[in-house]
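Report on the following structure.
Where a number appears in this text, it was derived from the coordinates with a stated rule and is not lab data. Keep in mind that what you see is a predicted model, and the values were worked out from it rather than measured. Neighbour counts are summed over all protein chains in view; Cβ atoms, including those assigned to glycine, are modelled from backbone coordinates with ideal geometry.
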Amino acid sequence: MAGAAAKTLPRHVAITMDGNGRWAAARGLGRAAGHKAGLGPVRMCIQECSQRNIEALTLFAFSSENWARPAAEVGSLMGLFFDSLEAEISELQARNVAMRFIGARRRLPVRLQAQLAAAEERTAGNTGLKLQVAVSYGGRWDIVQAAAQLARECASGALRAEEITEERFAQATTLGHCDAELVIRTGGEQRLSNFLLWHCAYAELYFTPRLWPDFGVADLEEALDFFAARERRFGLLSGQVAS
Ligand code: FPP
């Protein structure tokens, strides 16, 4: 553990949890069973990130595009979100986790919307891990809603177009100034699939063929080792970063 504590950790880890369906199919199970099995690694990542004092963990639970999946799968995922939050909220509170949900919430079932708002309210004062769950979320949606918000402010006279800087734009996104430093995607695909587009500008991208329900502590450790080995230059030269 001493070695693990010494390495450079990302402040914000973001994860696309892919591979639940294939994990279930390989066992002759329905897709819902794969999503349910995905709760194990969710718990593990929250616990491990908390213990390592990582500031923020963002999980991609349901994308804008996932609404087009068969109604039965969408329904079972909405049920799983509701049930798992109900079952875990006390534990999250005890772990000092502050929860936020990002995405087009008005598309979600009303009772889920109410539950998400209650979980945010209950954990708002917590000072530990910021757990940000992307539900009904798309990176393009986020950029468009930020642009619309700024356009409204310009129309009302509260803001001038010349005052729109990257800083000001970032503030209008759902996460605000919370750039992802490490993005992990399980399941073998090597793409962003509309996740956190604004906040991934300088993220290190880590892809693993491991299916999400099989993602364990050793896999997370490997991703953190990958991050620690990267030189983060932000457009500078290596010598500039060193000095
Ligand atoms: C993608 O795998 C996964 C999802 C669309 C759902 C992810 C949800 C969970 C892990 C459930 C719990 C999450 C929280 C935060 C409560 P896929 O179905 O596209 O897999 P496939 O590519 O193998 O078909």
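The table below gives the values:
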{"quantity": "R160 vs. criteria exposed (fewer than 13 other Cβ atoms within 10 Å of the Cβ), on the phi < 0 side of the Ramachandran plot, out of contact with any Gly (no Cβ under 6 Å at 6 or more places or on another chain) and in contact (Cβ under 8 Å) with a residue 40 or more places away in the chain", "calculated": "no"}
{"quantity": "Condition check for A72: more than 10 Å from the ligand (Cβ to nearest atom) and either in contact with a Lys or Arg (Cβ under 6 Å, 6 or more places away or on another chain) or polar (S, T, N, Q) (or both)", "calculated": "no"}
{"quantity": "Residue list for the range 19-52, restricted to those being more than 9 Å from the ligand (Cβ to nearest atom), touching a Leu at 6+ places or on another chain (Cβ under 8 Å) and not hydrophobic (A, V, I, L, M, F, W, C)", "calculated": "E48, S50, R52"}
{"quantity": "Qualifying residue in the range 135-155 (condition: away from the ligand (no atom under 16 Å from the Cβ) and part of a loop (DSSP other than H, G, I, E, B))", "calculated": "no"}
{"quantity": "Counted residues, the range 92-134 - those being in a loop (DSSP other than H, G, I, E, B), within 15 Å of the ligand (Cβ to nearest atom), more than 19 Å from I54 (Cα to Cα) and free of Cβ contacts under 8 Å to residues at least 60 places away in the same chain", "calculated": "2"}
{"quantity": "Search result, residues across the range 163-189 that are without any contact (Cβ under 8 Å) to a residue 40 or more places away in the chain and part of a loop (DSSP other than H, G, I, E, B)", "calculated": "I164, T165, T173, G176, H177"}
{"quantity": "Residue identified as more than 19 Å from E221 (Cβ to Cβ) and of a type in the set (D, E, K, R) among R52, R95", "calculated": "R95"}
